[in-house]
Amino acid sequence: MTERLVFPEGFRWGTATAAHQVEGSPGDTEWWAWEQLPGKVRDGTRAHPACDWWAGRYVEDFDLARSMGQNALRLSVDWARIEPREGEWDDQALARYREILSALRQRGIEPMVTLSHFVHPQWLMAKGGWTNEAVVRCFERFATKVVETCGDLVDLWCTINEPNVYAVYSYLLGYWPPEKQDLLSAFRVMRHQLVAHAFAYRSIHRLQPRARVGLAQHLRVFDAFKPNSALDRWAAQVQDRLFNETMLSPPVDGVLRFPLGGGKVAELADSQDWIGLNYYSRDMVSFDIAQPGLLFGRRFSMPGSDFSIEGWGEIYPDGLYRLLKRLQRYDKPIYITETGVPDNDDSKRPRFLFTHLAAAHRALSDGVPLKGLYFWSLIDNFEWKEGFSARFGLIGLDLQTRQRALKRSGQLYGEISRAGAITADMLERYALEVKATLFPS
Ligand code: FCB
């Protein structure tokens, strides 16, 4: 066997999850309230019992993760459980998180903890959530509490998950609670998340000098549908600027440029020890005079490309390579904090793993300081508005019995993680047709 793509020693082979999507028994949150309303979640499921981690079933999933050779796992904490009323801490909930984190450590799996992943206590939402500047101090206080309580078990912290996706889905498109459709609120929400990140970054470092703190940024590729059209190219650039660049530069230089309201926040400058990339897909963009609300850019998936399930974006591994290259200029360690594919029968996921890991490997060969990958997701879980109708897991979850079963893609990810490499032999066994692309003879 000579054909291998070998990953560096110490590479983090991980998976990613989020509290609301796996835990069950949620706290008093806006999401849980919203899910009770008829017609909100596509298949009528709710975030309880989900994967039942709160009741203890994380043990089974962590055992499976270990058997797959994983050395890293990204999970989040539920703010509403920990601070059920403003300023009141639930010690039992914190103790429970300590058990969960210890269970990872005992299995040799390093936790990365996300402090805010889309879901908030109702008391905070009643004050306007992220539209209210007061949230910055609330978040900092919450982050401080979690780090004081769990800091001996964690030193890899992700302050906020995908600030742009949250602002767009919840405040611009109105898909998610609180279903607002207001551009100015969306920008306020982006701004406050960035500032809150900065204050949390500083507080975490004061408490725990060895901490490594970052953000998980959802970046998409925006390509002009007609590359020869100057208008399409302009429209694609505008989308990129608003969705990607607006979030990327403030934690570097501290400046909140248009449309984030202007001004420099000293705490925000150089406020990340690593950069987290969540990558799923690319959008083609056409100039469209009839769409001023979308800044004249119509976004759609490349016709005729590879898809998994209806309505989700194109499968486009090159996008991962392109974005990793783009992040190289920041000269910080990079983690792929999420990548994955909704694939209910697991027919596309093995190939997805090969092609995306190969893209990551190519970036590594070009000198990109990529330190690890957290595949979304360890186990099928509650996929927000899609409920359980879009399955992302390497482990399958039977919704009737709650039994777990490692999928074929899970076995493959296990083989790759244990070997620290992709081999031609794996390609032969799992997805023959990709072999010629990865190892041309
Ligand atoms: C990301 C979210 C994550 C999950 C995946 C599929 O945008 O961070 O919670 O829903 O998409």
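The values are calculated or read from the model by the stated rules, or taken from the named source; none is laboratory data. No experiment lies behind these values; they were computed from the predicted model shown. In this analysis, Cβ positions are derived from the backbone assuming ideal geometry, glycine residues included, and neighbour counts consider all displayed protein chains. Accessible surface is based on the protein model in full, side chains and every heavy atom, while ligands, DNA and RNA are left aside. Shrake-Rupley method; radii C 1.70, N 1.55, O 1.52, S 1.80 Å.
Between residue 231 and residue 134, 0.36 nm times their residue separation minus their Cα-Cα distance comes to what? Before the final figure, lay out each step's value.
Working: separation 97, 0.36 × 97 = 34.92 nm, distance 4.06 nm.
Stretched out fully, the residue 231 to residue 134 stretch lengthens by 30.9 nm.
When both region 82-146 and region 327-398 are represented by their alpha-carbon centers, they are found 25 Å apart.
Treating r as the C-beta distance of residue 99 and residue 43 and R0 as 45 Å, the FRET efficiency rounds to 0.90.
Protein heavy-atom surface of region 319-406, 1.4 angstrom probe: 45% of the accessible area is carbon and sulfur, with nucleic acids and ligands not counted. Among the GluC sites (Glu not before Pro) in region 72-162, those located in a DSSP loop and surrounded by at most 15 other Cβ atoms within 10 Å of their own Cβ are 86, 133.
With every protein chain left in place, what is the accessible area per residue of the chain in square angstrom, probe 1.4 Å? Write down the numbers at each step before the final one.
Values: 16870 Å² over 441 residues.
For the chain, the per-residue accessible area is 38 Å².
Suppose every K and R has +1 on its Cβ and every D and E has -1 on its Cβ; what is the size of the dipole of the chain about the Cα centre, in Debye to the nearest 20? Working shown, then result.
Details: 53 positive and 55 negative charges, 144 e Å.
Computed about the Cα centre, the dipole is about 700 debye.
Once fully extended, how much extra length lies between residue 107 and residue 182, figured as 0.36 nm per residue of separation less the alpha-carbon to alpha-carbon distance? Please report the intermediate quantities before stating the final value.
Details: separation 75, 0.36 × 75 = 27.00 nm, distance 4.56 nm.
Taking residue 107 through residue 182 to full extension adds about 22.4 nm, to one decimal.
The trypsin sites (Lys or Arg not before Pro) of region 192-297 that DSSP puts in a loop, and whose beta carbon has at most 10 other beta carbons within 10 Å, are 210.
What separates the Cα centres of region 221-280 and region 31-69 is a distance of 32 Å.
Under the membrane-span-like helix rule (DSSP H runs whose alpha carbons stretch at least 20 Å along the helix axis, mean Kyte-Doolittle hydropathy -1.0 or higher), the chain yields 91-106, 135-150, 183-207, 349-365.
Looking at the chain only, what percent of DSSP beta bridges run antiparallel? Nearest 5 please. It would help to have the intermediate numbers written out before the result.
Working: 13 of 53 bridges.
Counting only bridges with both partners in the chain, antiparallel ones make up about 25 percent.
For the chain, modelled as a GNM with alpha-carbon contacts under 10 angstrom, which of 171, 201, 58 fluctuates the most? Result for the chain, Cα springs under 10 Å: 58 fluctuates most. Counting only Cβ charges, +1 for Lys and Arg and -1 for Asp and Glu, the dipole size of region 325-434 around its Cα centre is about 320 debye. Within the chain, how many lysine pairs that are 8 or more places apart, or on different chains, have C-alpha atoms less than 19 Å apart? Lysine pairs satisfying the spacing and distance rule in the chain number 8. Surface composition of region 156-296: carbon plus sulfur atoms contribute 59% of the solvent-accessible area (1.4 Å probe, protein chains only, all chains present). Full extension of the chain segment joining residue 306 with residue 345 gains 12.5 nm, where the gain is 0.36 nm per residue of separation less the Cα-Cα distance.
Work out the FRET efficiency for residue 55 and residue 257 from their Cβ-Cβ distance, taking R0 = 60 Å, and round it to the nearest 0.05. Given R0 = 60 Å and the Cβ-Cβ separation, E is 0.85.
Got the relative contact order for the chain handy, in percent, Cα pairs under 8 Å and 6 or more residues apart?
Reported as a whole number, the value is 19 percent.
Take the alpha carbon gyration tensor of region 281-378, find the square roots of its eigenvalues, order them as a ≥ b ≥ c, and report rounded if a/c is under 1.5; if not, report prolate when a/b exceeds b/c, else oblate. Note, shape of region 281-378 comes out oblate. Considering only 265, 119, 189, the Gaussian network model of the chain with Cα springs below 10 Å gives its largest mean-square fluctuation to 265. Which one of 250, 190, 271 has its Cα pushed farthest toward the positive end of the charge dipole of region 182-274, where Lys and Arg give +1 and Asp and Glu give -1 at the Cβ? Going by the charge dipole, the pick is 271.
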